[in-house]
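All remarks here apply to the structure that follows.
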Amino acid sequence: MAKIYHAEQYELSNGIPVIFQHHDSAVAATYWWVRTGSTDESPSEAGFAHFLEHMLFKDAAAKETGSASTGKMARVIESLGGDINAYTSFDQTVYHVTCAAQHWEKILDAFGTMAKPQKFLKTDFEREREVILEELRKNEDSPGRQLFQSLFSTTFTKHPYGRPVIGFEKVLKAAKITQLEAFYKRHYVSGRMGLVLVGPLFDKKGDKRKTILGYLEKHFGVKVLRRATMPERARILEPQLREKAEWNVKAFDVKTPTLSFSFRVPDLEHEDIPALDLLAGVLSMGELSRIYQRLFYQTSLATDVSGGLYVPKDPGMIYFQAEVDSIEKLNRTAEEMFKELQRIGQDGPTNEELSRVLVNAESERLYATQTADGMAGRLGFLKFIMGDLTFDQQYLDELRAVDAARIKDVAKKYLECRRMSGVILVPKQDAKFDTTEIENLASRILDSGPTASTWVGVSPGAFLTPPMQEKSAENLPEHIQLPSGAQVCFYPRPGSHVFSVHASVLGGVRLEIAHPIERAATDWGASYMMALCWTKGTTTRSARDIATITEGSASSIDGFAGRNSVGLQMTGLARDWNSLSELFLDNLLHPTFPKDEVDHARRIAEDSIRGIEDHSSQLCSKLFLETLFENHPYGKFTYGSLDSLRAIHPEKLKAFHRCWMRPERLVISVSGAVKWSVLEPWLKRLDQQALAAVKGLEPFNLPKHLNDEPVLKAPRWVERTMGREQCHILVGGLGTQIDSEDRHAIRLLQTLLGGQSGRLFVELREKKSLAYTVSPISFEGIERGYVGTYIACAPAKREEAIAGIAHVLEKLAEKGPTAQEMNRAKEFYLGRRAMDLQSDSALATHYGLEVLYKVPHLSESALLKRIKSVSSKDIQSACKKYLIDPYMVTSSVG
């Protein structure tokens with residue numbers, strides 16, 4: 001069978017380039033690039049590119065009939081298991097659809113209708129404008145978005161990168177449909193378009209390329225889009241240098257301040273970009289980065305540190321950011337950050353630092369091959385932004401040529417005050433914060449001279465019976481039980497470049513509350529703290545040793561904790577299996593939870609707790625859970641409380657680890673390019689060490705099941721008025737267990753309600769323009785979880801939104817879904833599942849938790865049969881049973 005190992009380029013009759021990339025998987029991705037973004041707008045058109053993104057999802061046929069859009073196109077795609085979406089940025093708008101590969105051609109036929117030249121209906125225009133205004137209000141309630149937008153507008157005062165992509169409320173409200181159509185006709189021309197298709201181009205039926213090109217020609221070719229170009233809009237260049245740094249203070253409804261600053265840098269093709277890329281990595285990428293080490297470990301000033309190089313197409317910026325827990329720490333934090341920037345210009349990076357960042361850059365391409373979407377997005381960037389599909393290799397060569405002296409040179413050249421802009425996000429009561437000290441520090445430190453200051457492995461002998469692979473056409477995961485009682489799920493994927501290991505035990509907030517080591521009030525949050533500290537030291541390795549290995553091999557190892565489980569997960573390149581698997585084993589079984597790391601983690605957890613009220617949607621969820629679950633631990637957020645965190649110390653975390661991490665409770669799941677001959681000796685070592693770790697320890701008797709939360713006796717309401725732009729509403733009640741037979745009907749019910757052609761979206765967003773975001777929510781627990789509906793709308797629309805949700809659900813429970821809706825829900829659910837399980841980390845997590853929660857494994861054919869068997873009456877019954885008949889909780893924050 002022929003295969004494409006490299007991208008191939010074709011061209012449609014009107015000159016639109018087409019990129020094909022074979023990807024041997026069950027998923028296919030199609031990306032339609034339009035090289036038009038917010039930078040192509042005049043001031044009176046601000047937000048039009050994003051507005052068009054919304055409008056093109058309207059039915060093409062609606063323009064011919066004169067009737068408002070009903071979501072037909074999205075409904076057709078979702079009925080075939082496809083997932084369609086889009087995004088608008090500064091320089092492009094991208095429409096993309098991902099689907100199960102067997103429906104690729106049919107999906108293309110539906111997706112291609114978007115390209116047909118359109119005339120917008122006033123009804124659709126008015127509805128979608130209201131939706132976009134809701135999206136804008138949502139952004140105005142987000143501290144992170146507001147901070148970054150402020151940084152952009154301060155960094156780019158002349159260039160359109162300083163304007164928000166979504167536009168401005170005043171411009172959007174004044175926009176006329178004729179203006180939007182004029183913008184559309186100018187910019188949506190063949191000369192600005194391109195297509196990227198990634199998927200199994202060769203299968204048992206042969207070569208699909210000719211057939212797919214036929215569909216593309218039908219919808220995107222010269223008979224639909226004539227050959228035309230449009231000159232690039234002249235952009236005002238942003239001066240790289242100013243007389244001095246500009247600093248602004250952004251007051252917002254937050255509890256903790258954040259310091260953010262940038263330095264203007266050249267465009268992507270400039271010779272300094274590779275060195276700037278490595279400079280950003282050395283300073284701000286990962287735990288070993290200089291700024292992270294300084295602010296987090298050496299001074300304990302910050303609770304979060306980030307940064308990077310952002311260069312869209314035109315000249316961009318290198319930026320750095322730190323969140324602190326009090327405004328009193330801002331000046332000291334700024335001083336320490338500026339000193340690190342000064343030191344790198346004086347001393348340059350070490351060879352180890354350069355190697356770490358370079359390995360991560362090299363591995364980025366391999367990780368992108370895990371999903372069809374990742375591949376398509378990367379190819380689109382290479383072709384339509386860089387204009388060269390081979391750019392990656394050229395760029396990697398340029399990165400490898402950068403040495404420490406080059407890093408020093410660019411640091412001195414670019415990290416100076418005339419290129420600098422800064423924004424400080426502060427609580428409202430600190431709106432008058434004076435930036436003079438920070439400005440003086442920047443000038444004194446930065447503008448003065450430098451100061452001192454494919455693995456291989458051989459089995460040593462049979463330990464376990466080798467798993468029987470290829471025993472069926474479905475390539476099922478293998479289930480193995482070790483002598484210690486630990487269970488192993490093995491899913492080999494020889495075609496992958498990656499491996500992932502997932503280890504889990506029952507734990508989480510459910511058991512820390514129901515069966516504490518000390519008592520519930522002081523143990524709450526222990527799982528979350530354990531996850532944060534799990535990889536911060538073992539009996540043989542320090543936190544720095546661990547970070548050196550993982551960041552030096554572009555891998556990740558992280559603890560996780562939730563409502564029902566805790567554990568450890570690692571993902572890395574297959575070539576590094578030997579060293580990384582041993583590191584995983586050491587972290588899994590021999591963590592030491594050092595006191596200084598626990599103290600650091602406590603600050604992060606405390607900051608997360610304080611930040612809940614800064615984010616309306618999080619606060620809405622928290623109030624909902626606390627009101628619904630008065631008895632069961634599911635009512636508590638995993639972070640713990642400020643009081644409980646003070647009682648969590650290293651010995652308590654070690655006690656929980658001893659209690660939970662027993663081999664008979666442990667599930668190990670491995671997916672990726674790992675051979676059995678290599679895995680088996682590692683499992684033997686794991687088994688021996690797991691048994692040794694619990695030798696002499698008495699088992700800690702843990703409950704297998706807790707009592708379900710009692711059903712509500714009456715409706716419950718919880719409300720918080722914050723004076724914000726949007727009101728966040730969650731209406732729901734008790735759901736079901738993870739192994740319940742009802743789970744299939746509930747999942748399809750959620751799918752039928754959700755998505756762009758789901759009832760909630762169509763009725764409340766498309767027809768009534770009540771919200772930008774409306775979606776069903778659900779959680780299946782070991783005991784009963786929850787189901788409900790979330791919506792974010794203008795405060796004045798709150799009552800209408802709540803009534804609208806009730807109307808949609810009551811109608812569904814009364815009349816049930818149509819046959820067409822049922823087909824769409826089933827195909828969309830199965831398609832979404834295939835997309836979600838593309839990567840090795842997703843597969844390892846899915847199969848591991850399935851074994852941990854004792855959910856009977858269904859083969860793909862058995863799952864398909866079970867989903868297909870769910871009837872319209874089952875959906876009707878589930879809606880009535882879970883969303884209509886019981887009393888509901890309504891949580892409202894706005």
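Points to keep in mind about this one:
- Among the candidates I867, I791, I875, I805, the residue that is open to solvent by less than 40 Å² (accessible area, probe 1.4 Å) and closer than 30 Å to V501 by Cβ is uniquely I867.
- L389 meets all of the listed conditions (1) touching a helix residue (DSSP H, G or I) at 6+ places or on another chain (Cβ under 6 Å); (2) open to solvent by 20 Å² or more (accessible area, probe 1.4 Å); (3) in a helix (DSSP H, G or I) but one, namely (3).
- Filtered by the rule that a residue be open to solvent by 60 Å² or more (accessible area, probe 1.4 Å) and either over 28 Å from the mean Cα position of the chain (by Cα) or among the small types (G, A, S) (or both), the range 850-860 gives a lone residue, P856.
- Residues in the range 73-90 that are open to solvent by 10 Å² or more (accessible area, probe 1.4 Å) and modelled with pLDDT of 90 or more were compared, and the one that is nearest to T211 (Cα to Cα) is D83.
- Index of the failed condition, P200 passing every other in (1) of a type outside the set (D, E, K, R); (2) buried (at least 21 other Cβ atoms within 10 Å of the Cβ); (3) in contact with a strand residue (DSSP E or B) (Cβ under 9 Å, 6 or more places away or on another chain): (2)
- Residue in the range 417-436 that is at pLDDT 85 or above, among the aromatic types (F, W, Y) and farther than 30 Å from E783 by Cβ present: yes
- Residue match in the range 519-539 (condition: of a type in the set (F, W, Y) and in contact with a Pro (Cβ under 7 Å, 6 or more places away or on another chain)): yes
- Each residue in the range 664-679 was checked for being out of contact with any His (no Cβ under 7 Å at 6 or more places or on another chain) and either farther than 30 Å from R493 by Cβ or surrounded by 22 or more Cβ atoms within 10 Å (Cβ to Cβ) (or both), and 8 of them qualify.
- L151 falls short of the stated requirement of being out of contact with any helix residue (DSSP H, G or I) (no Cβ under 9 Å at 6 or more places or on another chain), more than 27 Å from L133 (Cβ to Cβ) and assigned to a helix (DSSP H, G or I).
- Selection within the range 760-772 - open to solvent by 40 Å² or more (accessible area, probe 1.4 Å) and either part of a helix (DSSP H, G or I) or modelled with pLDDT of 95 or more (or both): E763, K767
- E269 vs. criteria touching a strand residue (DSSP E or B) at 6+ places or on another chain (Cβ under 6 Å), surrounded by fewer than 18 Cβ atoms within 10 Å (Cβ to Cβ) and over 28 Å from I549 (Cα atoms): no
- Positions within the range 117-165 being more than 30 Å from R226 (Cβ to Cβ), open to solvent by less than 10 Å² (accessible area, probe 1.4 Å) and among the acidic types (D, E), in sequence order: E134
- In the range 512-541, the residue that is nearest to the chain's Cα centre (by Cα) out of those that are among the hydrophobic types (A, V, I, L, M, F, W, C) and either assigned to a strand (DSSP E or B) or farther than 17 Å from L568 by Cα (or both) is W524.
- Restricting the first member to the range 536-549 and to residues that are of a type outside the set (A, V, I, L, M), and the second to residues that are in a strand (DSSP E or B), the beta-carbon pairs closer than 8 Å and six or more apart or on different chains are K536/P591; G537/P591; T538/P591.
- Of all residues in the range 631-647 being of a type outside the set (A, V, I, L, M, F, W, C) and assigned to a loop (DSSP other than H, G, I, E, B), the one that is nearest to S565 (Cα to Cα): T638
- Residue under evaluation A376, criteria (1) under 30 Å from G199 (Cβ atoms); (2) crowded, with 16+ Cβ neighbours inside 10 Å; (3) out of contact with any Phe, Trp or Tyr (no Cβ under 7 Å at 6 or more places or on another chain), criterion not met: (3)
- Scanning the range 454-461 turns up no residue that is modelled with pLDDT of 90 or more and open to solvent by 20 Å² or more (accessible area, probe 1.4 Å).
- Residue among T229, T299 that alone is closer than 22 Å to G345 by Cβ, surrounded by fewer than 16 Cβ atoms within 10 Å (Cβ to Cβ) and modelled with pLDDT under 95: T299
- Among the candidates R406, R444, residue that is of a type in the set (D, E, K, R), at pLDDT below 95 and either assigned to a loop (DSSP other than H, G, I, E, B) or within 30 Å of W247 (Cα to Cα) (or both): R444
- Filter pass, V222 being part of a loop (DSSP other than H, G, I, E, B), of a type in the set (V, I, T) and open to solvent by 20 Å² or more (accessible area, probe 1.4 Å): yes
- Failed criterion for H657 (all others in (1) within 30 Å of V488 (Cα to Cα); (2) surrounded by fewer than 15 Cβ atoms within 10 Å (Cβ to Cβ) hold): (2)
- The single condition among (1) open to solvent by less than 30 Å² (accessible area, probe 1.4 Å); (2) hydrophobic (A, V, I, L, M, F, W, C); (3) farther than 30 Å from A28 by Cβ; (4) at pLDDT 95 or above that F168 does not meet is (1).
- Residue, surrounded by the most Cβ atoms within 10 Å (Cβ to Cβ), within the range 732-755, restricted to residues that are over 15 Å from T789 (Cα atoms) and of a type in the set (S, T, N, Q): T736
- Exclusive hit being among the hydrophobic types (A, V, I, L, M, F, W, C), in contact with a Phe, Trp or Tyr (Cβ under 8 Å, 6 or more places away or on another chain) and assigned to a loop (DSSP other than H, G, I, E, B), set F111, F90: F90
- Look at (1) in contact with a Phe, Trp or Tyr (Cβ under 9 Å, 6 or more places away or on another chain); (2) open to solvent by 20 Å² or more (accessible area, probe 1.4 Å); (3) modelled with pLDDT under 95; (4) not small (G, A, S) and you find that E551 fails only one, number (1).
- Long-range neighbours under 8 Å by Cβ, at least six apart or interchain, first residue part of a loop (DSSP other than H, G, I, E, B) within the range 313-330, second surrounded by 23 or more Cβ atoms within 10 Å (Cβ to Cβ) and of a type in the set (F, W, Y): D314/Y161; G316/Y161
Conditions (1) in a helix (DSSP H, G or I); (2) modelled with pLDDT under 95, marked per residue:
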residue: G755; (1), (2): no, yes
residue: V774; (1), (2): no, yes
residue: I802; (1), (2): yes, no
residue: H807; (1), (2): yes, no
residue: P817; (1), (2): no, no
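- Condition check for V509: crowded, with 20+ Cβ neighbours inside 10 Å, assigned to a strand (DSSP E or B) and at pLDDT 95 or above: no
- Residue list for the range 858-890, filter: outside any helix (DSSP H, G or I) and aromatic (F, W, Y): Y887
The values are calculated or read from the model by the stated rules, or taken from the named source; none is laboratory data. This is a predicted model, so every value here is computed, not measured. Every residue, glycine among them, receives a Cβ derived from its backbone with ideal geometry; neighbour counts consider all protein chains shown. In case anyone asks, the SASA skips ligands and DNA or RNA and just uses the protein heavy atoms, side chains included. Shrake-Rupley method; radii C 1.70, N 1.55, O 1.52, S 1.80 Å.
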